[in-house]
1. Please give every one of the aspartates and glutamates within straight-line cross-link reach of residue A:116, meaning a C-alpha to C-alpha distance under 18 Å, and leave out same-chain neighbours fewer than 8 residues apart.
2. State the answer as a single residue: which of A:237, A:262, A:283 lies farthest towards the positive end of the charge dipole of segment A:225-284, with beta carbon charges of +1 for Lys and Arg and -1 for Asp and Glu, about the Cα centre.
3. Please name whichever of B:50, A:91, A:53 sits farthest to the positive end of the charge dipole of the protein assembly as shown, dipole taken about the Cα centre and charges placed at Cβ: Lys and Arg +1, Asp and Glu -1.
4. Across segment B:19-59, how large is the tail of the calculated P(r) beyond 14 Å, expressed as a percent of all Cα pairs?
5. List the chymotrypsin sites (Phe, Trp or Tyr not before Pro) within segment A:156-213 that fall in a DSSP loop (any state other than H, G, I, E or B) and whose Cβ has at most 14 other Cβ atoms within 10 Å.
6. What is the dipole size for segment A:225-284, taken about its Cα centre, with +1 at each Lys and Arg Cβ and -1 at each Asp and Glu Cβ, in debye to the nearest 20?
7. Just to confirm my numbers, what's the Cα centroid distance between segment A:92-116 and segment A:1-30 in Å?
8. Taking N as the number of residues in segment A:2-217, what value does Rg over Cα atoms divided by 2.2 N^0.38 Å take?
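Bear in mind these aren't lab numbers, they're just calculated from the coordinates by the rules spelled out. Treat the numbers as computed from the prediction; the structure is a model and nothing was measured. Every residue, glycine among them, receives a Cβ derived from its backbone with ideal geometry; neighbour counts consider all protein chains shown.
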Amino acid sequence: MERLRTWIQALWFFLSNGYWAFPISGTFYQGPLKVLCSPGLNCYSCPAATTFCPIGSLQQLLLGVRLSLQAGQVYLGSYVLGCMGMLGSVFGRLICGWACPFGLFQDLLHRIPSPKYSVPQPLAWGKHLVLLLMVVVLPLTVLDDFNLGKPWFCAFLCPAGTLEAGIPMLLLMPDLRPVAGLLYLYKLTLLALVVFWSIASFRPFCRTLCPLGAFYGLFNRISLIRLKFNADNCTKCGACHRVCPVGIRVFESPNSGECIRCLRCSTEACQFDALSLEIAGHVLRMRPAPPVEPVQHMGRS
Amino acid sequence: MATSDDVPVIQHPASRIRKTPLALFLLFLLLFLAGIVFDEPSRVLEQARSICLECIGIG
């Protein structure tokens, strides 16, 4: 299942970044596909990007909302929010686990052998603050002399933008190099921190800072596709918790907002059919391979 | 690594299709359509076709 997930992540990476002529053409993709929403966090300033980033677009619309209303245009972000909400209500954070290019990047980094550490649980609230403050409140309220806000998340936090756009753009356009200053250095440092943290911990950015993950996480309990937990079959052996890369106690909160639906709990851990995937009322059972040795479990009557 | 035992098995609907996600989907579909009516996609396309240097740490 993990191999399948990696292949599907790679497929989404290439669908979201399908313009590979940019090193030859020296330009980035500007075609009509950019009206489509990227399900995962994928900077649309990336030379290869073929879709728009929902978080980037939402900020851009919100920061200019006053000017657009003054000009008689109603650009409130409803198109972008509609795209995000439709994706969230169907998939929840399944998108994070299976279709996010920056998630794939962190997954690959985590495979580098090193001591591994968990992410402190309270830090999970950080991504909700980022969504509320840096994506919505600050772009709407902190204005410059021209009555325009700033894209706070993109400008000061997003490491995907530095990786996918900042670095390639400087390589592609040498004329831009003198313009890159302290902000660029700060963002490179931030990217380096995320890289090192991703080697040591599983998906730290997704779990602590990603506003898109926070948004999709709001839908996890109610999305059309979600985990189905059968309490009658559960022995509370804890195998699902031990295998969960984000440390969820699956038998207590199978549809936690932190779950990225990697499905390791149902495909690799649970031997008792207590966990399955529910798709619009249909139950998709993932049978794990039978254990080599009898599983030690507690409290099964 | 997937084994032959990993083959997903689809069971008959154990429960009815839940209404909450469908209601939410419809709500966001309405927002999406409202955006189209107000010509927001053209603005999104315009933004996505240009590079925001400030957004990527340059400038």
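1. Output for residue A:116: A:107.
2. It is A:262.
3. In the protein assembly as shown, that residue is A:91.
4. 64 percent
5. Numbers: sites: A:156, A:184, A:186, A:196, A:197, A:202, A:205; in loops: A:202.
Answer in residue order: no site qualifies.
6. On the way: 7 positive and 6 negative charges, 25 e Å.
About 120 debye.
7. One Cα centre to the other: 16 Å.
8. Cα-based Rg divided by the globular estimate yields 1.02.
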